[in-house]
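Data block below; observations after.
The values are calculated or read from the model by the stated rules, or taken from the named source; none is laboratory data. Everything quoted here is computed from the prediction, not taken from an experiment. Using ideal geometry, Cβ is built from the backbone for each residue, glycine included, and neighbour counts are taken over all protein chains shown. Surface areas here come from the heavy atoms of the whole protein model, side chains and all, with no ligands, DNA or RNA. Shrake-Rupley method; radii C 1.70, N 1.55, O 1.52, S 1.80 Å.
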Amino acid sequence: MNFKNKKQYQEHYALVEKHINTFFPDAEINVFHEIPTLDIHLDVYHIKPKGLEFEILMTSGMSSMAMNVIDIPNESDTYKFAELMVLIPKGVDFGEVYTGENKFDWIISMVKQSAKFPHFYDTWIGVGHSIQADENMSSYSDDTAYCGCLVLPTVTFPEEFQIIKTSNGVVNIYGLFPLYKEEMLFKIENGFNEFIQFLIKNNAEEIIDFKRENYCI
């Protein structure tokens, strides 16, 4: 994919930062900046809100380019921009710099890989889509058995948090829910609506659970 010819929406970086500061004015925030790259400059914000029992990872840069939503028949413009987030347990230590080698760096890798996926493959992602770590469904790292993730709406934050309004259209903020291999296979074969019943039945929480049971075993 040649990214040089794609229209850039650099103003979205500032809008994402403003959005984060608006909703989490007292939070401690660290930014894992993208190293120089020829594709997408994708930063990941590590947000530590005061008074909450979880922390947040959120992308900035996925919406710097529009996704290819040509196959959406109606209201395609409302789906062309997105950023991703995950809720993580309080106190997860990534270190000061993302290297990909720390115990929990697989979470950042999952977020970054998922955010770049639609641009690399000239497609789009939205609620109900699943993304594999790789074509063989290998786990994200030796530190986890999760090998993919499901795109979901956040149930933790209000509707006004889930959309950033821009002059170019809305930027949707989606959540990621990590999946085991058997869950990925089930979702692919049976669809999103069938798999979501596992989440409802098990009262699944949005916060990543490193010891969560496999719903398909």
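Listed by first and then second residue, the pairs linking a residue in the stretch 190-210 that is under 23 Å from residue 89 (Cβ atoms) to a residue that is open to solvent by 50 Å² or more (accessible area, probe 1.4 Å) and among the hydroxyl-bearing types (Ser, Thr, Tyr), with Cβ atoms under 6 Å apart and 6 or more places separating them unless they lie on different chains, are 206/156.
Residues of the stretch 12-40 being open to solvent by 80 Å² or more (accessible area, probe 1.4 Å) and within 14 Å of residue 61 (Cα to Cα), which ones?
From the stretch 12-40, those open to solvent by 80 Å² or more (accessible area, probe 1.4 Å) are 17-18, 22, 25-26, 28, 33, 35-36, 38; that's our starting set.
17, 18, 33, 35, 36, 38, listed by residue number.
Conditions: (1) in a loop (DSSP other than H, G, I, E, B); (2) open to solvent by 20 Å² or more (accessible area, probe 1.4 Å). Residue 126 meets all but one. Number of the miss? Unmet for residue 126, out of (1) in a loop (DSSP other than H, G, I, E, B); (2) open to solvent by 20 Å² or more (accessible area, probe 1.4 Å): (2).
Results for (1) at pLDDT below 95; (2) assigned to a strand (DSSP E or B); (3) in contact with a helix residue (DSSP H, G or I) (Cβ under 6 Å, 6 or more places away or on another chain); (4) not hydrophobic (A, V, I, L, M, F, W, C), shown as yes or no for each residue.
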{"residue": "4", "(1), (2), (3), (4)": "yes, no, no, yes"}
{"residue": "9", "(1), (2), (3), (4)": "no, no, yes, yes"}
{"residue": "19", "(1), (2), (3), (4)": "no, no, no, yes"}
{"residue": "29", "(1), (2), (3), (4)": "no, yes, no, no"}
{"residue": "67", "(1), (2), (3), (4)": "no, no, yes, no"}
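Does the stretch 167-183 include one or more residues that are part of a helix (DSSP H, G or I), open to solvent by 50 Å² or more (accessible area, probe 1.4 Å), farther than 23 Å from residue 31 by Cα and touching a helix residue (DSSP H, G or I) at 6+ places or on another chain (Cβ under 9 Å)? Within the stretch 167-183, none of the residues are part of a helix (DSSP H, G or I), open to solvent by 50 Å² or more (accessible area, probe 1.4 Å), farther than 23 Å from residue 31 by Cα and touching a helix residue (DSSP H, G or I) at 6+ places or on another chain (Cβ under 9 Å).
For the stretch 69-79, indicate whether the set of residues that are part of a strand (DSSP E or B), over 18 Å from residue 178 (Cβ atoms) and open to solvent by less than 30 Å² (accessible area, probe 1.4 Å) is non-empty. No, the stretch 69-79 has no match at all. Among the residues of the stretch 80-90, is there at least one that is in a loop (DSSP other than H, G, I, E, B) and open to solvent by less than 30 Å² (accessible area, probe 1.4 Å)? No.
State yes or no: is residue 136 loosely packed, with under 14 Cβ neighbours inside 10 Å and assigned to a loop (DSSP other than H, G, I, E, B)? When the stated conditions are applied, residue 136 passes them.
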